[in-house]
Amino acid sequence: MPYSYGYFKLEVEYHIQRNIPRDARILDVGAGSGSYGLMLKPHYPNLDAIEVWDRYIEEFKLRDIYRTVFNEDVLDFRFGNYDYVIFGDIIEHLSFEDADALLSMLFHKDIKCLVAVPYQMKQGEVNGNIYEEHKQDDLTHDLFIKRYPYFGLLYRNEKYGYYVNYDFI
């Protein structure tokens, strides 16, 4: 679905503002309703998005929120121009192999990432959007850390977690 849990949103906003420079080039992957864009737009002018489902781009007026909106699959995207990438409720939509290859590549390119994931959430196609299916519906905190050991915990509760691939203050 184009929305994510509201858990820790204020803490995440504060974390990003403390740890990411204002001139950073930020990419919101799977922008959905644009919640991260709306949160960060007042502070970060270089904020772009990827959204694979073109209906969300129009429905949520993502072009009014982000500097540039790319309508493509994240697995086909080139990340070279970005300093910080947000994967808000995206990793569970990718197979472990695809997610691991993507996150590992960004880690080795020294691109900072924030990953937000719901735990153990089954979901299929939603309103004709095949990209909404959860391919990693078994994720828990322990399993996320096991699968993606180059990430550390930022915040979590029993339903949701935020992880980063960098040291922070």
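The values are calculated or read from the model by the stated rules, or taken from the named source; none is laboratory data. Predicted, not measured: the structure shown is a model, and the values here were computed from it. Cβ atoms come from the backbone with ideal geometry, glycine included; neighbour counts cover every protein chain shown. Surface accessibility is based on the protein's heavy atoms, side chains included, excluding ligands, DNA and RNA. Shrake-Rupley method; radii C 1.70, N 1.55, O 1.52, S 1.80 Å.
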(request) Would you list which aspartates and glutamates come within 15 Å of residue 41, measuring only between C-alpha atoms, while excluding same-chain residues fewer than 8 positions from it? (result) 13, 23, 28, 64
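State the antiparallel share, in %, of DSSP beta bridges confined to the chain, rounding to the nearest 5.
So the antiparallel bridges in the chain amount to around 40 percent.
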(request) For residue 5 and residue 153, compute 0.36 nm times the residue count separating them, minus their Cα-Cα distance, and round to one decimal in nm. (result) 51.6 nm
(request) Please list the equivalent ellipsoid semi-axes of the chain, computed as the square roots of five times the alpha-carbon gyration tensor eigenvalues, in descending order and whole angstrom. (result) 21, 20, 15
(request) Could you pull the accessible area for residue 108 with a 1.4 Å probe, rounded to 10 Å²? (result) 140 Å²
(request) With +1 on each Lys and Arg Cβ and -1 on each Asp and Glu Cβ, and nothing else charged, work out how big the dipole of segment 1-126 is about its Cα centre, in Debye to the nearest 20. (result) 540 debye
(request) Report relative contact order for the chain in percent, whole number only (criteria: Cα-Cα under 8 Å, sequence separation at least 6). (result) 19 percent
(request) Could you tell me the accessible area of residue 151 in Å² (1.4 Å probe, neighbours in place), rounded to the nearest ten? (result) 10 Å²
